[in-house]
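Chemist: Sending over a structure as structure tokens; questions will come in a sec.
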Amino acid sequence: MLKGKKVGLRARYEDDIPILRAELYDDVVNASRAEGRPWRPITPGSKDPRLVVDDQEQGHVPFSVVELDGGTLVGTANLWGIDTHNRSAHIGLGLLPSARGHGYGTDVVAVLCHYGFVVRGLQRLQIETLSDNAAMLRAAERNGFVREGVLRSSSWVMGEFLDEVLLGLLVQEWKG
């Protein structure tokens with residue numbers, strides 16, 4: 001397990017999937033804001049591709065996020081779009097509604113930076129988030145990410161186009 005100050009990032013357990021599905025992905029608004037594709041229902045018991053881990057997939061590393069005190073599942077985190085040639089990747093995370101507002105997001109981003117820069121030897125990490133996602137913007141900037149641009153009206157979310165903010169962090173800028 002990778003440990004931060006408040007959370008740990010560990011492998012996804014089968015028991016995590018029903019909780020993550022119910023609290024993150026069955027919520028139409030939350031799922032629509034978190035993904036770049038339209039929400040659709042997933043049949044209970046099916047292999048949900050957003051949650052089931054393919055250990056052979058080299059370009060995506062999913063984690064379950066747990067509280068260090070007690071081990072309670074609080075969300076998901078991942079490094080995706082891993083480009084081994086250019087040594088870059090994207091960061092993503094989703095916290096259960098009950099876990100929001102406790103500083104876990106900032107800690108998750110810090111642990112993902114450690115994983116990306118130290119464990120994987122990457123040069124650049126990138127985050128894309130909706131411009132009104134103040135919590136993710138704050139978590140990224142507290143970890144040294146720099147706003148590099150705005151993709152105007154680039155995300156169709158629940159009936160409207162929203163701007164997306166692009167943030168980046170280079171290994172030499174990172175203060176691990």
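Chemist: Could you list the square roots of 5 times each eigenvalue of the Cα gyration tensor of segment 1-83, that is, the equivalent ellipsoid semi-axes, sorted largest first and rounded to whole Å?
Modeler: 21, 16, 13
Chemist: Trp80 accessible area, nearest 10 Å², 1.4 Å probe?
Modeler: In the full protein context, Trp80 sits at about 100 Å².
Chemist: What does the charge count near Ala11 come to, summing +1 for each Lys or Arg and -1 for each Asp or Glu among other residues with Cβ under 15 Å from its Cβ? Provide the component values of the computation, followed by the final result.
Modeler: Numbers: positive: Lys3, Arg10, Arg12; negative: Glu14, Asp15, Asp16, Asp54, Asp55, Glu57.
Once all neighbours under 15 Å are counted, the net charge is -3.
Chemist: Kirkwood Rh, Cα Rg: Rg to Rh for the chain?
Modeler: On the way: Rg = 15.5 Å, Rh = 16.6 Å.
That ratio is 0.94, to two decimals.
Chemist: Hey, can you find the accessible area per residue of the chain for me, probe 1.4 Å, expressed in square angstrom?
Modeler: That works out to 55 Å² for each residue.
The values are calculated or read from the model by the stated rules, or taken from the named source; none is laboratory data. Quantities reported herein were computed from a predicted structural model and do not represent experimental measurements. Neighbour counts are summed over all protein chains in view; Cβ atoms, including those assigned to glycine, are modelled from backbone coordinates with ideal geometry. The area values use the complete protein model at the heavy-atom level, side chains included, leaving out ligands, DNA and RNA. Shrake-Rupley method; radii C 1.70, N 1.55, O 1.52, S 1.80 Å.
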